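Since the structure comes first, as structure tokens, the remarks are kept for the end.
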Amino acid sequence: QVQLVESGGGLVEPGGSLRLSCAASGIRFIVYTMAWYRQAPGKQRELVAQVIDGTTTTTNYADSVKGRFTISRDNGKNTIHLQMNMLKIDDTAVYYCNIPGIGAWGQGTQVTVSS
């Protein structure tokens with residue numbers, strides 16, 4: 001059974017940083033592309049970043065987070081991370097870990113950027 005567990009969300013002031021983590025189990029982690037999505041109140045869920053399978057580690061980012069967010073993966077620990085720097089109020093959302101190839105989702109972790 002596939003399980004994704006996110007952690008690391010919280011409250012931060014504008015300009016601050018947070019690091020999200022997602023631990024995966026029940027899959028052969030290295031072969032899968034992994035992604036972070038987010039959903040703000042009243043808005044559709046959107047792709048934030050993805051890291052292609054462990055053999056290439058190619059990354060893609062939404063234009064709104066390029067230069068501020070960094071996605072990475074640790075294949076030895078079946079974990080991905082999202083380092084978020086220079087956070088803005090508009091980054092406030094629930095952040096979800098996702099495996100696009102099998103449609104698996106985590107429970108989400110709240111990120112609130114507020115002064």
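Under a straight-distance cross-link criterion of Cα-Cα below 29 Å, which lysines are reachable from K77, leaving out those fewer than 8 residues away in the same chain? Within the straight-line limit of under 29 Å, K77 reaches these lysines: K66.
Provide the packing ranking of 4-17, 29-42, i.e. peptides ordered by the mean count of other C-beta atoms within 10 Å per residue, highest first. Each step should come with its number before you reach the end.
Values: 4-17: 14.9, 29-42: 17.3.
Peptide ranking by packing, descending: 29-42, 4-17.
Across I80, I99, I27, mean-square fluctuation computed from a Gaussian network of the chain (C-alpha pairs under 10 Å connected) peaks at I27.
What FRET efficiency, computed as 1/(1 + (r/R0)^6) with R0 = 30 Å and r the Cβ-Cβ distance, is obtained for Q3 and I89, rounded to the nearest 0.05?
On the way: r = 32 Å, r/R0 = 1.06.
Once the sixth-power term is evaluated, E becomes 0.40.
The mean accessible area for residues of the chain, using a 1.4 Å probe and ignoring ligands and nucleic acids, is 52 Å² per residue.
Mean separation of Cα pairs under 8 Å and 6 or more residues apart, divided by the residue count, gives the chain a relative contact order of 36 percent.
Within the chain, what whole-number % of the accessible surface is contributed by carbon and sulfur, with the 1.4 Å probe and all protein chains included in the calculation? Could you put the intermediate results ahead of the total?
On the way: 2820 of 5950 Å².
Carbon and sulfur atoms account for 47 percent of the accessible area of the chain.
Annotation: lysines with alpha-carbon distance below 19 angstrom to K43 (same-chain offsets under eight excluded): K88.
The values are calculated or read from the model by the stated rules, or taken from the named source; none is laboratory data. Owing to the predicted nature of the structure, the values given are computational and were not obtained by experimental measurement. Neighbour counts are summed over all protein chains in view; Cβ atoms, including those assigned to glycine, are modelled from backbone coordinates with ideal geometry. What goes into the accessible areas is simple: the full protein's heavy atoms, side chains included, and nothing from ligands, DNA or RNA. Shrake-Rupley method; radii C 1.70, N 1.55, O 1.52, S 1.80 Å.
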